[in-house]
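Please read the structure below before turning to the comments.
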Amino acid sequence: MSPVTDDSAARGRIRDDLTRSFLVEAAAGTGKTTILVARLVNALAAGAPIEAVVAVTFTRKAAGELKLRLRQELDRARTSETDPSRSDCLADAIARLEEASIGTIHSFCAEILRQRPVEAKIDPAFGEIDNEQAATIYHRAFRTW
């Protein structure tokens with residue numbers, strides 16, 4: 001059995017140090033989403049614009065859960081916030097949450113490509129493929145190879 005380590009100091013840095021970027025790598029169920037949501041709430045309360053928020057996951061389900069948890073925590077933080085300025089920032093973030101880019105890595109990349117199709121040399125009307133289409137293309141390419 002491996003020893004249990006107290007990572008509260010690291011979690012505190014991730015949540016509170018908004019001047020740095022962090023790479024968080026941990027096993028499932030260890031609280032990565034919880035600390036990410038806490039960091040986002042902290043940044044938004046401090047005045048970060050909601051349209052500058054980008055949070056990417058690998059699955060649509062995880063992205064939906066992330067957005068839901070963020071909305072819940074923003075609301076909880078707003079109701080308990082005593083600083084009027086921070087409370088106003090949180091209320092604005094809640095009202096404009098749909099302006100945040102929270103989704104899959106695929107949807108985020110597609111959004112960037114749609115903003116610059118000429119530079120990317122792609123058809124501006126391109127569409128994303130679903131898992132079934134991706135599997136078909138993969139198998140066709142693998143057989144050809």
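The values are calculated or read from the model by the stated rules, or taken from the named source; none is laboratory data. From a predicted model like this one, the values you see are computed outputs, not experimental measurements. Note that we place each Cβ from the backbone using ideal geometry, even for glycine, and neighbour counts take in every protein chain shown. These accessible areas exclude ligands, DNA and RNA; they are computed on the full protein's heavy atoms, side chains included. Shrake-Rupley method; radii C 1.70, N 1.55, O 1.52, S 1.80 Å.
Inside region 88-103, residues that are within 13 Å of LEU68 (Cα to Cα), open to solvent by 40 Å² or more (accessible area, probe 1.4 Å) and in a loop (DSSP other than H, G, I, E, B) make up a count of 0. Contact map, region 128-144: first residue β-branched (Val, Ile, Thr), second residue in a helix (DSSP H, G or I), Cβ cut-off under 9 Å, separation 6 or more or different chains; pairs are ILE129/THR136; ILE129/ILE137. Close Cβ contacts (under 9 Å, 6 or more residues apart or on different chains) running from residues in region 108-127 that are within 21 Å of THR59 (Cβ to Cβ) to residues that are in a loop (DSSP other than H, G, I, E, B) and charged (D, E, K, R) comprise ALA110/GLU128.
Restricted to region 65-96, and to residues there that are in contact with a helix residue (DSSP H, G or I) (Cβ under 6 Å, 6 or more places away or on another chain), in contact (Cβ under 8 Å) with a residue 40 or more places away in the chain and of a type outside the set (Gly, Ala, Ser), the residue that is nearest to VAL37 (Cα to Cα) is LEU90.
Quick check: is even one residue across region 55-68 assigned to a strand (DSSP E or B) and farther than 27 Å from ASP6 by Cβ? Give the derivation first.
The initial filter retains those residues of region 55-68 that are assigned to a strand (DSSP E or B), namely 55-57.
Then drop every residue that is not farther than 27 Å from ASP6 by Cβ, which leaves 56-57.
Within region 55-68 (the criterion being assigned to a strand (DSSP E or B) and farther than 27 Å from ASP6 by Cβ), the answer is yes, since at least one residue qualifies.
If we scan region 78-85, do we find a residue that is under 30 Å from ASP130 (Cβ atoms) and either of a type in the set (Ser, Thr, Tyr) or crowded, with 16+ Cβ neighbours inside 10 Å (or both)? No, the conditions are met nowhere in region 78-85. Applying the criterion of being touching a residue at least 12 places away in the same chain (Cβ under 8 Å) and not in a loop (DSSP other than H, G, I, E, B) to the residues of region 8-33, the residue that is least open to solvent (accessible area, probe 1.4 Å) is ILE14.
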